[in-house]
1. Residues that are in a strand (DSSP E or B) and either surrounded by 10 or more Cβ atoms within 10 Å (Cβ to Cβ) or at pLDDT 90 or above (or both): does the range 6-16 have at least one?
2. Across the range 17-52, which residue is modelled with the highest pLDDT among those that are open to solvent by 90 Å² or more (accessible area, probe 1.4 Å) and of a type in the set (G, A, S)?
Amino acid sequence: MCDVWGYDPAIGHSAVINAIGFTVEAAGGSIGRIGKHSDEAGAAYLVVDMVV
């Protein structure tokens, strides 16, 4: 089952890592960079600054 709100353990994500600035990739290429994020339990999110 896929959990879109969780991280696959194989990627090595850690809650102490600041994700701001990481590139977000889709099937067709880069869609932008992470501008803001939260790992707070029950309120996790990513805000992507999209490339236009």
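The values are calculated or read from the model by the stated rules, or taken from the named source; none is laboratory data. Just so you know, these numbers come straight off a predicted model, no measurement behind them. Neighbour counts run over all protein chains shown; Cβ positions are idealised from the backbone, glycine included. Note: accessible area is taken over every heavy atom of the protein model, side chains too, but ligands, DNA and RNA are not part of it. Shrake-Rupley method; radii C 1.70, N 1.55, O 1.52, S 1.80 Å.
1. no
2. This residue is A27.
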